[in-house]
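Everything below concerns the one structure shown next.
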Amino acid sequence: MLKVKNLNVFYKLIHAVNDISFEVPESKIVTLIGPNGAGKSSTLKSIVGLVASSGQINFLSHNISKEKTYQRIKRGIALVPEGRKVFVNLTVLENLRIGAFNKPASTLEEKYERIFQIFPILKKRAKQYAGTLSGGEQQMLALGRALMSEPSLLMLDEPSLGLAPKVVQEVFEIIQHLNREGMTILLVEQNAAMALKIAHYGYVLEAGKIVLEDVAQNLLQNEDVRKSYLGEV
Amino acid sequence: MLTTVLQQLINGLSAGSLYALVAIGYTMVYGVLRMINFAHGDILMVGAYLAFFGISAFMLPWWVSFITAIILTGFVGVLVEKLAYKPIRNASRVSLLITAVGVSFFLENLFLVLFGGVPKAFPIAPIFHGVLNYNQLYLPVVSIYTPIVALVLLYMLLYILHHTKYGMAMRSIALDIDTTSLMGINVDIVISLVFFLGSSLAAVGGILWSTQYPSINPLMGIMPGLKAFAAAVLGGIGDVAGAAIGGLILGISEVLIVAFFPSLAGYKDAFAFLLLILVLLFKPTGIMGKELERKRF
Ligand SMILES: Nc1ncnc2c1ncn2[C@@H]1O[C@H](COP(=O)(O)OP(=O)(O)OP(=O)(O)O)[C@@H](O)[C@H]1O
Ligand SMILES: [Mg+2]
């Protein structure tokens with residue numbers, strides 16, 4: 001579904017992403033793990049055109065690397081950004097509404113219902129400003145907002161960041177559930193253990209380079225990965 | 001005594017609603033681009049000139065001329081953004097500010113060269129003719145219409161902001177441009193829309209202002225522009241309702257000061273800037289003050 005080839009991202013002198021290539025096949029969960037500053041967020045941002053990059057980005061066999069952000073999103077990509085970035089000055093319902101900006105108004109009710117089924121808490125909070133939600137609720141909202149556009153590819157940037165273990169568990173269950181219903185997912189995580197457990201395939205990113213890639217099960221068993229990312233000595 | 005106060009209040013209300021109309025443009029542009037659009041006062045002037053030409057040169061009926069001028073001025077605002085501000089949207093805010101000052105000089109001097117510096121008499125539309133005399137109250141019709149027009153337009157704007165899809169995008173863009181584009185929204189269109197609305201409101205202000213004075217010249221936008229800027233800061237820059245309130249307070253206090261301290265009449269125009277300095281010193285977030293960086297419409 002998504003094929004990235006020789007991707008490079010520069011910030012002035014910093015070479016944040018160094019010639020990486022990877023793939024996300026349809027209906028799979030692919031995870032990108034790596035330490036702080038490895039270039040994970042930069043990779044996701046370059047896929048949606050929020051940062052300038054060179055290289056090829058193919059989505060559903062279109063080269064989208066020259067398109068504007070909104071055009072790439074319209075093709076069916078959604079990104080839940082790092083730190084959730086819900087619109088705190090909009091209500092919960094408005095946040096969901098804006099997620100479906102390009103969808104006909106007649107389909108909205110049906111979409112809200114679907115989101116409320118996955119995240120019942122959002123229904124209770126519908127009229128509240130998103131800024132008044134807890135961190136966990138905001139993560140649910142950010143996910144719900146992304147799902148409102150009914151994307152073919154869902155990209156998540158550290159959905160577990162700053163959440164209590166129980167909420168993390170919940171979020172990952174939802175991600176897995178979405179995937180079982182056929183959603184293709186690209187998951188960026190520092191919580192490598194959790195990510196590899198639900199993913200099919202994984203890439204390890206260090207200092208802008210892919211240093212390792214394999215089936216997620218194998219990465220979980222890999223010596224280096226266990227030492228560096230799973231906290232084993 | 002009571003009639004004097006009432007008279008002054010109505011004058012102040014009328015002046016204040018003019019400031020409010022113009023202040024809204026400052027606040028909306030600040031909301032989305034974090035810049036003070038110092039060319040906004042000159043946009044008011046452009047609106048007044050377009051209305052003038054519609055009536056005097058093209059002999060259009062006043063209302064056709066006004067509506068055309070308001071819409072065209074909206075597009076002038078859009079054009080200014082596209083040509084001058086968009087190319088440096090990601091540069092430092094200071095660069096944007098200086099560019100805005102440059103656009104301001106450009107518009108003023110363009111109109112000076114094209115149409116000369118001699119003030120032109122502004123034709124008063126039939127609907128604004130006349131004065132109501134009521135119990136010693138002296139009410140020019142235009143100063144009754146001004147607050148009504150301002151209120152209706154403010155209501156329409158708030159409706160757009162809070163009850164339409166693109167209004168919602170304007171509020172979200174004011175918080176976070178990148179995340180708004182992640183919603184599949186073409187942010188360039190939304191920003192253009194903000195400039196269109198702000199500039200059209202300035203044109204309405206320009207037309208009403210010119211009707212009250214009633215003459216126009218290429219530098220006429222400077223004073224109302226700067227005062228409206230002071231009003232926007234007073235109300236809390238970035239907040240639409242705040243801009244309207246700031247405009248009203250400024251207009252009414254200007255008039256009242258002159259009414260009660262006639263010896264200060266010569267300093268009337270300085271009052272807005274004294275107020276601006278005081279607000280910046282003691283409550284930079286203005287009346288509707290939330291934290292500056294969190295404030296959105
Ligand atoms: N806007 C920017 N300007 C300059 N440098 C940047 C910018 N964004 C990121 N960087 C740098 O690029 C490198 C990669 O950053 P990135 O945010 O992609 O890492 P990450 O893997 O997502 O890290 P984390 O796990 O902490 O979120 C870092 O060295 C970072 O300092
Ligand atoms: Mg990151």
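Here are the numbers:
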quantity: Nearest-10 value in Å² for the accessible area of B:Val141, using the 1.4 Å probe; calculated: 30 Å²
quantity: Accessible-area value, B:Tyr19, 1.4 Å probe, nucleic acids and ligands omitted, Å²; calculated: 10 Å²
quantity: Reach of B:Lys227 by Cα under 16 Å, taken over aspartates and glutamates that are not fewer than 8 positions away in the same chain; calculated: B:Asp42, B:Glu254, B:Asp269
quantity: The range B:104-166 and the range A:3-80: distance between their alpha carbon centers, rounded to Å; calculated: 50 Å
quantity: Most mobile listed residue (B:Tyr26, B:Tyr49, B:Tyr138) in chain B, GNM with C-alpha springs under 10 Å; calculated: B:Tyr138
quantity: Tail weight of P(r) past 16 Å, computed on alpha-carbon pairs of the range A:154-221, percent; calculated: 47 percent
quantity: From the C-alpha gyration tensor of the protein assembly as shown, square roots of 5λ in Å; calculated: 54, 23, 20
quantity: Listed residue (B:Ala259, B:Val204, B:Ile191) projecting farthest to the positive dipole end of the range B:187-297, Cβ model; calculated: B:Ala259
quantity: Selected from B:Leu154, B:Leu219, B:Leu114 as most flexible by GNM, with chain B as the system and alpha-carbon contacts under 10 Å; calculated: B:Leu114
quantity: A:Glu109 accessible area, assembled protein chains, probe 1.4 Å, Å²; calculated: 120 Å²
quantity: Residue-normalised accessible area of the protein assembly as shown, expressed per residue, 1.4 Å probe, Å²; calculated: 44 Å²
quantity: Shielding by partners - mean other protein chain Cβ count within 10 Å, residues of A:74-82; calculated: 2
quantity: Accessible area, probe 1.4 Å, largest first, for residues A:Tyr229, B:Tyr155, B:Tyr85; calculated: B:Tyr155, A:Tyr229, B:Tyr85
quantity: Estimated 222 nm signal from helices in the protein assembly as shown, with DSSP H stretches of n ≥ 4 weighted -39500 (n - 2.57), rounded to 500; calculated: -18000 deg cm²/dmol
quantity: B:Phe229, B:Phe282, A:Phe59, ranked by accessible area, largest first (probe 1.4 Å); calculated: B:Phe282, B:Phe229, A:Phe59
quantity: Projected-area mean, the range B:2-282, by convex hull of Cα positions, square nanometres; calculated: 15.6 nm²
quantity: Packing-based order for A:214-222, B:185-193, B:39-47, using average beta carbon neighbours within 10 Å, highest first; calculated: B:39-47, B:185-193, A:214-222
quantity: Cross-link table A:Lys74/B:Lys165; A:Lys68/B:Lys165; A:Lys74/A:Lys103, entries beyond 18 Å C-alpha to C-alpha; calculated: A:Lys68/B:Lys165
quantity: For residues of B:206-216, the mean tally of beta carbons on other chains within 10 Å; calculated: 0
quantity: Contour minus Cα-Cα distance for B:Tyr138 and B:Leu6 (0.36 nm per residue); calculated: 46.5 nm
quantity: Carbon and sulfur %, accessible surface of the range A:2-229 computed with the full protein complex present, 1.4 Å; calculated: 49 percent
quantity: Cβ-placed point charges (K, R +1; D, E -1), dipole of the protein assembly as shown about Cα centre in debye, nearest 20; calculated: 340 debye
quantity: Interface B:A - total buried accessible surface [probe 1.4 Å, Å², rounded to 100]; calculated: 2000 Å²
quantity: Chain B: DSSP helices with Cα axial extent of at least 18 Å and average Kyte-Doolittle hydropathy no lower than 0.5; calculated: B:2-33, B:40-56, B:62-80, B:93-115, B:141-163, B:187-212, B:222-235, B:240-260, B:268-282
quantity: When each of A:Lys124/A:Lys166; A:Lys66/A:Lys209; A:Lys123/B:Lys86 is checked by Cα-Cα distance, pairs over 30 Å; calculated: A:Lys123/B:Lys86
quantity: Rounded percent of accessible protein surface that carbon and sulfur make up, the range B:139-296, 1.4 Å probe; calculated: 75 percent
quantity: Cα coordinate range in chain A, projected on the principal axes (Å, largest first); calculated: 47, 41, 33
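The values are calculated or read from the model by the stated rules, or taken from the named source; none is laboratory data. As the structure is a computational prediction, the values presented were derived from the model and not from experiment. Cβ atoms come from the backbone with ideal geometry, glycine included; neighbour counts cover every protein chain shown. Heads up: the accessible areas ignore ligands, DNA and RNA and are worked out on the full protein's heavy atoms, side chains in. Shrake-Rupley method; radii C 1.70, N 1.55, O 1.52, S 1.80 Å.
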